[in-house]
């Protein structure tokens with residue numbers, strides 16, 4: 001017989017009508033769209049049977065330790081390892097699920113928009129009066145089709161983006177820990193990360209966040225980049241080491257950076273914003289926030305929760321049996 | 001023997017090193033990047049042998065009337081009819097040239113960037129703190145690939161843009177005064193302008209400005225559009241009747257509008273900006289301002305000037321013999 005009870009749902013942007021199947025199965029939904037503190041999360045989990053993780057909070061071993069009825073943490077996204085204490089979940093016998101089948105379109109198109117805006121410097125031209133001002137300090141941009149774009153992480157989003165950039169006419173290369181089949185189907189050049197950094201005019205970071213990818217863009221990578229490069233990070237802020245990013249913006253290695261998400265330490269965000277505001281296209285992890293993309297993600301997570309409460313097998317299980 | 005003398009160059013964004021062939025032929029360059037008044041233009045033209053028109057000024061019959069040495073007006077762009085008094089030029093025996101072979105990439109990619117920004121509402125999400133706020137007033141956007149895009153004007157830029165949008169996955173239809181071959185090669189649906197307005201989620205205006213296209217997007221077109229539509233005008237402001245645009249923004253027919261260029265009456269721009277600022281992506285006619293696009297355009301105009309001063313034939317001649 002299926003377990004039922006309270007289901008905690010975190011994160012903004014979730015259409016609660018999509019959670020109806022959970023309610024129809026006899027559960028009650030508690031939605032907490034604002035970022036939960038460690039104490040708030042622990043308190044909310046204490047009487048929950050399932051936890052749809054769609055926020056930025058970290059589900060620590062401590063938070064999970066007193067959640068005695070909890071059966072499943074359904075993470076909405078790919079990089080669950082940075083948001084859930086996987087060892088603690090294993091030890092507790094919890095199931096952790098993820099949503100690997102996310103449609104790549106939303107993030108790929110959002111990223112393309114940020115690439116176009118950053119490359120042409122459009123943000124700082126909005127509301128300008130005629131005639132547009134060009135100078136040695138604000139030179140006319142190069143066309144995107146003449147730029148070399150390096151993609152770090154060639155999953156479904158990176159492959160989709162690469163296809164769009166090739167249609168525009170860019171040269172595209174990529175780095176990934178393992179070589180990808182899309183390299184052949186799209187005719188991309190593989191480069192090591194240092195070589196990709198040196199080769200690219202625009203470097204795009206699209207890796208999931210996990211212990212091996214945090215700070216992957218660090219001082220050594222910035223040191224290889226050309227002066228005036230563009231950095232696009234539409235994955236997670238933590239992939240780019242923030243002190244190195246500040247230095248690269250300060251010394252002109254990076255002309256413009258787009259970041260979709262924040263560093264966990266709010267003072268880091270504030271300092272970067274204060275010093276480099278007009279050269280940043282900074283958004284609050286909204287790239288996947290389209291109706292279609294969120295619906296597909298929530299749908300997978302809801303099915304995973306129902307399977308966990310039924311003790312049924314689930315192909316989207318990252319931890320558990 | 002070639003005529004030589006003063007060559008007036010207007011408009012910002014012109015790399016003066018590209019004008020060296022004119023100087024090497026014995027001419028002197030007078031560059032006036034700021035918008036010229038009618039009186040200033042008339043004064044500058046009085047002793048000029050050639051006029052590279054890259055600005056927003058109107059070369060009236062009056063301005064041309066006292067330019068006794070003038071041989072050619074080399075217009076940089078397509079829509080010369082709105083910027084040069086063609087009848088006066090004919091009467092004076094002046095040559096008017098244009099740059100029809102402009103590369104479409106710059107404007108097509110700029111337009112795509114504005115479409116992505118407008119569709120996702122990215123401008124108003126910049127610098128937002130976590131968590132991103134969604135509400136009935138700010139609903140989550142639909143993916144671009146799920147949107148219908150209507151293109152008004154299927155020249156080289158419109159065709160290039162249509163190709164990019166089809167790659168993204170949009171449905172694309174178009175209107176043009178005459179049916180275009182690209183309709184077949186790209187598999188686009190032709191619609192009359194009223195039908196296209198009613199069908200589209202995003203309407204993109206890409207016609208050259210001339211007497212038959214000024215105010216082509218008027219009250220009757222807005223009346224057909226769905227509530228919350230997006231209007232992208234990366235051609236010239238004058239294609240959209242400004243009072244009708246204000247009404248459509250006010251009553252919610254248009255959610256967001258991108259405009260690349262200004263109305264000649266500065267008070268019209270100021271009033272729209274004051275009332276609808278955050279819902280406008282307004283730029284000062286910069287879409288073609290990439291190094292590659294400007295170089296190609298200036299190169300054509302320079303060759304046309306040299307041919308005119310040599311009385312040599314020119315395939316880019318719009319008026320003259």
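Name every residue in the stretch B:270-283 that is in contact with a strand residue (DSSP E or B) (Cβ under 8 Å, 6 or more places away or on another chain) and assigned to a helix (DSSP H, G or I), in order of residue number. Step through it out loud before you land on a result.
Restricting attention to the stretch B:270-283, the residues satisfying the condition of being in contact with a strand residue (DSSP E or B) (Cβ under 8 Å, 6 or more places away or on another chain) are B:272-273, B:276, B:279-283.
Of everything in the stretch B:270-283, those that are in contact with a strand residue (DSSP E or B) (Cβ under 8 Å, 6 or more places away or on another chain) and assigned to a helix (DSSP H, G or I) turn out to be B:272, B:273, B:276, B:279.
Failed condition for residue B:62, given (1) away from chain A (no Cβ under 13 Å); (2) assigned to a helix (DSSP H, G or I); (3) crowded, with 18+ Cβ neighbours inside 10 Å, with all others met?
Tallying (1) away from chain A (no Cβ under 13 Å); (2) assigned to a helix (DSSP H, G or I); (3) crowded, with 18+ Cβ neighbours inside 10 Å, residue B:62 fails exactly one: (3).
Using the structure shown, decide if residue B:168 is within 12 Å of chain A (Cβ to nearest Cβ), farther than 16 Å from residue B:231 by Cα and buried (at least 22 other Cβ atoms within 10 Å of the Cβ).
Yes: the conditions hold for residue B:168.
Any residue in the stretch A:250-263 that is on the phi < 0 side of the Ramachandran plot, surrounded by fewer than 15 Cβ atoms within 10 Å (Cβ to Cβ) and over 21 Å from the mean Cα position of the chain (by Cα)?
Yes; the residues of the stretch A:250-263 include at least one that is on the phi < 0 side of the Ramachandran plot, surrounded by fewer than 15 Cβ atoms within 10 Å (Cβ to Cβ) and over 21 Å from the mean Cα position of the chain (by Cα).
Scanning for something in contact (Cβ under 8 Å) with a residue 12 or more places away in the chain, assigned to a helix (DSSP H, G or I) and crowded, with 21+ Cβ neighbours inside 10 Å, does the stretch A:185-198 turn up at least one residue?
yes
Of the conditions (1) within 11 Å of chain B (Cβ to nearest Cβ); (2) not in a loop (DSSP other than H, G, I, E, B), residue A:286 clears all except one; give me its number.
(2)
Please verify whether the stretch A:207-226 includes one or more residues that are on the phi > 0 side of the Ramachandran plot and either out of contact with any strand residue (DSSP E or B) (no Cβ under 8 Å at 6 or more places or on another chain) or within 14 Å of chain B (Cβ to nearest Cβ) (or both).
Checking the stretch A:207-226: not a single residue is on the phi > 0 side of the Ramachandran plot and either out of contact with any strand residue (DSSP E or B) (no Cβ under 8 Å at 6 or more places or on another chain) or within 14 Å of chain B (Cβ to nearest Cβ) (or both).
Report yes if residue A:56 is buried (at least 18 other Cβ atoms within 10 Å of the Cβ) and at the interface with chain B (Cβ under 10 Å from one of its Cβ atoms), otherwise no.
Yes.
Return yes when residue A:271 is under 30 Å from residue A:22 (Cβ atoms) and either modelled with pLDDT of 95 or more or not assigned by TED's automatic domain parsing to the domain that holds residue A:76 (or both) and no when it is not. Break it down into steps so the answer makes sense when it comes.
On the way: under 30 Å from residue A:22 (Cβ atoms): no; either modelled with pLDDT of 95 or more or not assigned by TED's automatic domain parsing to the domain that holds residue A:76 (or both): yes.
In short, no.
Being surrounded by 24 or more Cβ atoms within 10 Å (Cβ to Cβ) and touching a helix residue (DSSP H, G or I) at 6+ places or on another chain (Cβ under 8 Å), is that true of even one residue in the stretch A:239-246?
Yes, the conditions are met somewhere in the stretch A:239-246.
Can you tell me how many residues within the stretch B:39-57 are outside any strand (DSSP E or B) and at pLDDT 95 or above?
The total comes to 9.
Which residue is modelled with the lowest pLDDT, if the candidates are limited to the stretch B:9-31 and must be under 19 Å from residue A:130 (Cα atoms) and surrounded by 17 or more Cβ atoms within 10 Å (Cβ to Cβ)?
B:13
In the stretch B:19-38, what residues are in a helix (DSSP H, G or I) and under 19 Å from residue B:94 (Cβ atoms)?
Answer for the stretch B:19-38, where residues must be in a helix (DSSP H, G or I) and under 19 Å from residue B:94 (Cβ atoms): B:22, B:38.
Residue-by-condition table, conditions (1) within 14 Å of chain A (Cβ to nearest Cβ); (2) in contact (Cβ under 8 Å) with a residue 12 or more places away in the chain:
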| residue | (1), (2) |
| --- | --- |
| B:72 | no, yes |
| B:85 | no, yes |
| B:122 | yes, no |
| B:129 | yes, no |
| B:147 | yes, yes |
| B:151 | no, yes |
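When the residues of the stretch A:244-268 are filtered to those that are without any contact (Cβ under 8 Å) to a residue 12 or more places away in the chain and assigned to a helix (DSSP H, G or I), which remaining residue is nearest to the other protein chains (Cβ to nearest Cβ)?
So the residue we want is A:266.
Could you check, for the stretch B:135-151, whether at least one of its residues is within 20 Å of the chain's Cα centre (by Cα) and farther than 30 Å from residue A:260 by Cα?
Scanning the stretch B:135-151, I find at least one residue that is within 20 Å of the chain's Cα centre (by Cα) and farther than 30 Å from residue A:260 by Cα, so the answer is yes.
Checking the conditions here, which among A:104, A:132, A:100 is under 27 Å from residue A:276 (Cβ atoms) and surrounded by fewer than 22 Cβ atoms within 10 Å (Cβ to Cβ)?
A:132
The values are calculated or read from the model by the stated rules, or taken from the named source; none is laboratory data. All values reported here derive from a predicted model rather than from experimental measurement. Here Cβ is always computed from backbone atoms with ideal geometry, including for glycine, and neighbour counts include all displayed protein chains.
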